[in-house]
Amino acid sequence: MSINATLIGQMITFTLLVWFTMKYVWPPIMQALEERKNKIAEGLAAAEKGQEEIKLAEKKAKKVLKEAKDQAAEIVNLAQKRANELVEESKANAQKEGERMIQAANAQIEQEMQQAKESLRKEVSALALRAAEQILQQEVDKAKHKDIINKASEQLG
């Protein structure tokens, strides 16, 4: 194979092409590749950090959920306790109301008894007046008077 000017020209052109590529084309390509490599590394680091944050958030959510369940159970217990207190309070109020109603009924009975006694007194006084009228209408005799008074007292009880 003979070395001629074309081959030397091609070698010089190839050398210039390699030098031009190494001087002006290669550094931006390498810089772009390095930037891409850094972005990918940052993305992977952010993804790992995000996964760790997700795990922490899940733990925190479980903790908050547990606290909420505990608070709900405590609220339910307090509500049950308050309901029991209200039931006891209602029972006490009902008992007091029952006693008050019994006292009112007793007072009404006492009042009705007083009215009955008053009515009886009026009847007794009317009876006594009738007895006195009968005595006065009859002739004045002690034995008859005693007999009439005894009969009137027997009628009174």
Checklist outcome for this item: Once the in-chain neighbours fewer than 8 apart are removed, the lysines whose Cα is under 16 Å from Lys142 read Lys151
Checklist entry - Can you give the extra length, in nm with one decimal, that the chain gains between Lys117 and Ile148 once fully stretched, where that is 0.36 nm per residue apart less the Cα-Cα distance? => result 8.8 nm
Checklist entry - If you build a Gaussian network model of the chain, linking Cα atoms that sit under 10 Å apart, which residue out of Ile29, Ile12, Ile102 swings the most? => result Ile12
Item to check | Formal net charge of residues neighbouring Ala128 (Cβ-Cβ distance under 11 Å; K, R +1; D, E -1) | outcome: +1
Checklist outcome for this item: Taking Cα atoms, the helix 142-156 axis meets the longest principal axis of the chain at an angle in degrees (rounded to 10) of 20 degrees
Checklist entry - So what is the calculated 222 nm ellipticity per residue for the chain, using -39500 (n - 2.57) for each DSSP H run with n of 4 or more, over all residues, to the nearest 500 deg cm²/dmol? => result -34000 deg cm²/dmol
Next on the checklist: If you take Kirkwood radius over Cα pairs in Å from the coordinates, which of (i) 17.1; (ii) 17.8; (iii) 29.6 do you get?
Outcome noted: (iii)
Next on the checklist: Using a Cα-Cα cut-off of under 25 Å, which lysines could be cross-linked to Lys144, ignoring same-chain neighbours fewer than 8 residues away?
Outcome noted: Lys122
Checklist outcome for this item: So Trp19 and Glu97, fully extended at 0.36 nm per residue minus their Cα-Cα distance, gain in nm 16.9 nm
Next on the checklist: Between Ala68 and Ala32, what is 0.36 nm times their sequence separation minus the Cα-Cα distance? Round to one decimal in nm.
Outcome noted: 7.8 nm
Checklist outcome for this item: Partner lysines whose C-alpha sits under 29 Å from that of Lys59, ignoring same-chain residues fewer than 8 away, are Lys49, Lys69
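No value in this document is a laboratory result; all are computed from the given coordinates. What you see is a predicted model, and the numbers here were worked out from it, not measured in a lab. Note that we place each Cβ from the backbone using ideal geometry, even for glycine, and neighbour counts take in every protein chain shown.
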